[in-house]
Amino acid sequence: MNATSSEQAPGRIVLLTTSHRVAPGLLSWPAWQALHAADRVLCSDGAHPQLPYLREAGIRVDEAAPTAEELVDACAGGRTVVVVATGEGEPALTDGLARLAGSGRIQMPELELLPASYDLPGARLLDLVQVMDRIRAECPWSSQQTHKGLAKYGIEEAYELVEAIEEGDREELREELGDVLLQVVFHARIAEEDPDAPFSVDDVAAGIVAKLIHRHPHVFGDETAATPEEVKEHWLRTKAVEKQRTSVTEGIPLGQPGLALAAKLASRVRTAGLDVPLPQTEGVGYELLALAVRAEAAGVDPEAALRAAARAYRDAIKETEGRSRSGGGEPHGQVS
């Protein structure tokens, strides 16, 4: 007996993907439509976070992990089967379906990938917070770290970030930004355990969000700013009101590199319109101070300029060493 056209219809497979970074049950409307219209809904993970919400909505979900062949058979007769994908995305199943489709031996069902929820920008930061939380709890080294113990790593990572920026290495820049971000999350995780004044990474983020909004009235308020200079004026004005400082030198970290410190002081003086003569004292330090002030006035970062010059000096050293080696000798000062 010949099969009817409906029995020969290959059906439809819908692979439903969700993000664990979005609250379970918050699915797109097309996803809910596909789930309600499906002949069968399958999920290989009985502990999938979406299952309680699907069942609450009246959708029957069978816990099953069919092979590609079994799934194709389940679609025979024009049936629609929705597979609620696990976090890994069902690679074995999709690979099997691809092999079947490539064989040309059978009529394949219609295949559809349907994202049911999407990550918002910044969603992977939630993963970082979760990973850091587990490391803090389970790693023998990380669980013993303190703010003071980690301080040196923050300095190192900041310098490595600056180096990546100055070298123009995009891959290195991405990696070093991640290392700096780790320091922020690590310190915030440690801060949660403080018995007297705990705070979390959410408190850190909330604080900087409030600060950015308040210091950008030309973006979030009624002020206007058409040039970078006007933006800086808004920033300094609101910052002065916030901090209520009695001196332009307040808030400048004295532990930073000397050239950067001198340039920062000069910037504060110039912005405030003060006429402060440089100390008239002899010595290399005062000469460097004068150079740093001159660089800042010219719009040059003296610390970055010195690093660029030092890199050029490093290259010259390597070149001299290379010539010495190629000539059969040893570089000056090298101990054999």
Cβ crowding within 10 Å averaged over residues, with 261-272, 88-99 ranked highest first: 261-272, 88-99
About the Cα centre, charge dipole magnitude for the chain (Lys/Arg +1, Asp/Glu -1 at Cβ), debye: 460
Per residue and in Å³, how big is the convex hull formed by the alpha-carbon atoms of the stretch 237-283? 93
Residue-averaged [θ]222 nm for the chain, counting only DSSP H segments that reach four residues, each worth -39500 (n - 2.57): -17500 deg cm²/dmol
How large a share of the accessible area of the stretch 217-336, in percent, is made up of carbon and sulfur atoms when the probe is 1.4 Å and the other protein chains stay in place? 57
What does the net charge come to around Arg99 if you take all other residues with beta carbon closer than 15 Å to its beta carbon, with K and R at +1 and D and E at -1? -3
So, counting K/R as plus one and D/E as minus one, what does the shell of residues with Cβ under 14 Å around Lys243 add up to? +4
So how far apart, in nm, are the two label points at Val131 and Arg325 if each is 7 Å from Cα heading toward Cβ? 3.6
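Leaving out ligands, DNA and RNA, what percent of the accessible area of the stretch 63-172 is carbon and sulfur, probe 1.4 Å? Before the final figure, lay out each step's value.
Numbers: 3950 of 7130 Å².
Exposed carbon and sulfur together represent 55 percent of the surface.
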The stretch 146-250: Lys pairs at Cα distance under 19 angstrom, eight or more positions apart or on different chains: 4
What's the FRET efficiency of Arg245 with Asp95 using the Cβ-Cβ distance as r and R₀ = 45 Å, to the nearest 0.05? 0.10
Between [x] 20.8; [y] 22.4; [z] 27.0, the structure-derived Kirkwood radius over Cα pairs in Å is [z]
Counted charge near Leu26, where neighbours are those whose Cβ lies closer than 15 Å (Asp, Glu -1; Lys, Arg +1): -1
Within the chain, what percent of beta bridges assigned by DSSP are antiparallel, to the nearest 5? 0
Protection-proxy order for peptides 66-79, 228-241, 9-22, each taking the mean of Cβ atoms within 10 Å per residue, highest first: 9-22, 66-79, 228-241
Ranking request for peptides 125-137, 291-303: highest mean number of other beta-carbon atoms within 10 Å first, then the rest in descending order. 291-303, 125-137
Probe 1.4 Å, heavy atoms of protein chains only: per residue, the accessible area of the stretch 256-301 in Å² is 67
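The values are calculated or read from the model by the stated rules, or taken from the named source; none is laboratory data. Fair warning: this is a prediction, and the values are worked out from it, not measured in the lab. All Cβ positions, glycine included, derive from the backbone under ideal geometry; neighbour counts span all protein chains shown. All accessible areas refer to the heavy atoms of the entire protein, side chains included, with ligands and DNA or RNA removed. Shrake-Rupley method; radii C 1.70, N 1.55, O 1.52, S 1.80 Å.
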